[in-house]
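The values are calculated or read from the model by the stated rules, or taken from the named source; none is laboratory data. The structure displayed is predicted, hence computed values, not measured ones. Note: ideal-geometry Cβ built from the backbone for every residue, glycine included; neighbour counts use all protein chains shown. Keep in mind that these areas ignore ligands, DNA and RNA; they rest on the heavy atoms of the full protein, side chains included. Shrake-Rupley method; radii C 1.70, N 1.55, O 1.52, S 1.80 Å.
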Amino acid sequence: MRVRRRWWAVGAALALGWCLLAPAGAGATEDLAEEYVALGDSFAAGPLIPPQESLDPCYRSTVDYPHVLAESLRVKTFRDVTCSGATTANVLHTPQRATTPGLPARPPQIEALTGRTTLVTVSIGANDIGLATLALSCFNALPPPAGRSCKATQTEGGVDRGARLVDSVAGRLADTLDAIRDRAPKARVLITSYANYIRPGGCYPAQPVWAQDADYMQGLVNRLGRVTAGVANQHGAEYMDFIRPGRGHDGCQLNDNWANVVVPGTTLGLVPLHPTALGERNFARILEEHLNDEL
């Protein structure tokens, strides 16, 4: 009699566990796709990748990673407010103005969030510190010693000004994640890195960046990724790394590049230091795989 009772108890416990676990996974998938809002700058918006759904000031593509992800997840309500040139201020409180007279300003991106939002992705921070401008200073059409090394300029006097600049954005990233959480308390929040733009040592002259400057430039992007990961861990968000998966798909690989350096490849993307269409698709894939693995 005791043996029967014991096996009945085990069977009941297993059945109860199955009942509790199976619906939870299904419900989580459905809930996640309820309302997805994409925030961020041109890295997420995909400027000049056709077709474009929004021109000045956002230059947002219909095949940017948020659009591709929303379609894959079969999202019920989707709002992509990513905008080229955006800073954390444009996410939080400052309208983003067009350069063309007469066009309306875009409201702060955070206004797209609601209490019903279930998923948020955000790519932000580089424009706050002028990282693209710094990277552009690393381009040299002529070999050394012509021109000027951006690494030498940024580290002159023994102080790494580029690294200090990257570290300074941590507080603004933290404020952004806290504000997202306050406005969308039910949402899963994923904040991304930027890309693996150039391989170690570069590929001069195919891409006009000297070897030491290629490493310095990508090193700053990697550093920003580490800063972002640390902030995400402390402020209730999930950090998504696109740098490591992008190795071998940098701007030196002109037939398989997820991001450009200066000379564009064949993977549909023209803007220097920005993702290609191939990159946007792969970033969406990485996000989707992460979400499916975590459900």
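Details
- Inter-residue pairs, beta-carbon under 8 Å, first within 13 Å of residue 224 (Cα to Cα) and of a type outside the set (A, V, I, L, M, F, W, C) and in segment 124-150, second outside any loop (DSSP other than H, G, I, E, B) and open to solvent by 60 Å² or more (accessible area, probe 1.4 Å), 6+ apart: 125/172; 128/172; 130/165
- Qualifying residue in segment 172-183 (condition: charged (D, E, K, R), in a helix (DSSP H, G or I) and open to solvent by less than 10 Å² (accessible area, probe 1.4 Å)): no
- Qualifying position, being under 16 Å from residue 166 (Cβ atoms), part of a loop (DSSP other than H, G, I, E, B) and not polar (S, T, N, Q), among 197, 204, 216: 197
- Criterion applied to 137, 61, 72 was being of a type in the set (Gly, Ala, Ser), open to solvent by 50 Å² or more (accessible area, probe 1.4 Å) and over 22 Å from residue 223 (Cα atoms), and the one residue passing it is 72.
- Scanning segment 119-134 for residues that are closer than 18 Å to residue 179 by Cα and open to solvent by less than 20 Å² (accessible area, probe 1.4 Å) yields 119, 120, 121, 122, 123, 124, 125.
- Residue satisfying all of: in segment 160-169; of a type outside the set (S, T, N, Q) and open to solvent by 30 Å² or more (accessible area, probe 1.4 Å); farthest from residue 123 (Cα to Cα) among these: 160
- In segment 33-47, the qualifying residues are those that are over 21 Å from residue 193 (Cβ atoms) and modelled with pLDDT of 95 or more, and the one that is most open to solvent (accessible area, probe 1.4 Å) is 34.
- Of all residues in segment 77-104, those satisfying the criterion of being more than 17 Å from the chain's Cα centre (by Cα), of a type in the set (S, T, N, Q) and over 24 Å from residue 32 (Cβ atoms) are 94, 96, 99, 100.
- When residue 104 is tested against (1) of a type outside the set (Lys, Arg); (2) in contact with a helix residue (DSSP H, G or I) (Cβ under 6 Å, 6 or more places away or on another chain); (3) surrounded by fewer than 18 Cβ atoms within 10 Å (Cβ to Cβ), only condition (2) is not met.
- Within segment 227-243, the set of residues being part of a helix (DSSP H, G or I), of a type in the set (Val, Ile, Thr) and either without any contact (Cβ under 8 Å) to a residue 60 or more places away in the chain or more than 16 Å from residue 181 (Cβ to Cβ) (or both) comprises 227 only.
- Conditions (1) of a type outside the set (A, V, I, L, M, F, W, C); (2) crowded, with 20+ Cβ neighbours inside 10 Å; (3) touching a helix residue (DSSP H, G or I) at 6+ places or on another chain (Cβ under 9 Å); (4) over 30 Å from residue 174 (Cβ atoms); number of the one not met by residue 251: (3)
- Checking residue 263 against (1) closer than 18 Å to residue 137 by Cβ; (2) part of a helix (DSSP H, G or I); (3) open to solvent by 50 Å² or more (accessible area, probe 1.4 Å), the condition it does not meet: (2)
- Condition check for residue 125: farther than 21 Å from residue 279 by Cα, small (Gly, Ala, Ser), part of a loop (DSSP other than H, G, I, E, B) and modelled with pLDDT of 95 or more: no
- Filter pass, residue 157 being open to solvent by 50 Å² or more (accessible area, probe 1.4 Å) and on the phi > 0 side of the Ramachandran plot: yes
- Cross-chain or 6+ apart pairs with Cβ under 7 Å, segment 160-175 first and within 16 Å of residue 89 (Cα to Cα), then in a loop (DSSP other than H, G, I, E, B): 169/125; 173/125; 174/235
- Selection status of residue 223, open to solvent by 50 Å² or more (accessible area, probe 1.4 Å), in a helix (DSSP H, G or I) and in contact (Cβ under 8 Å) with a residue 12 or more places away in the chain: yes
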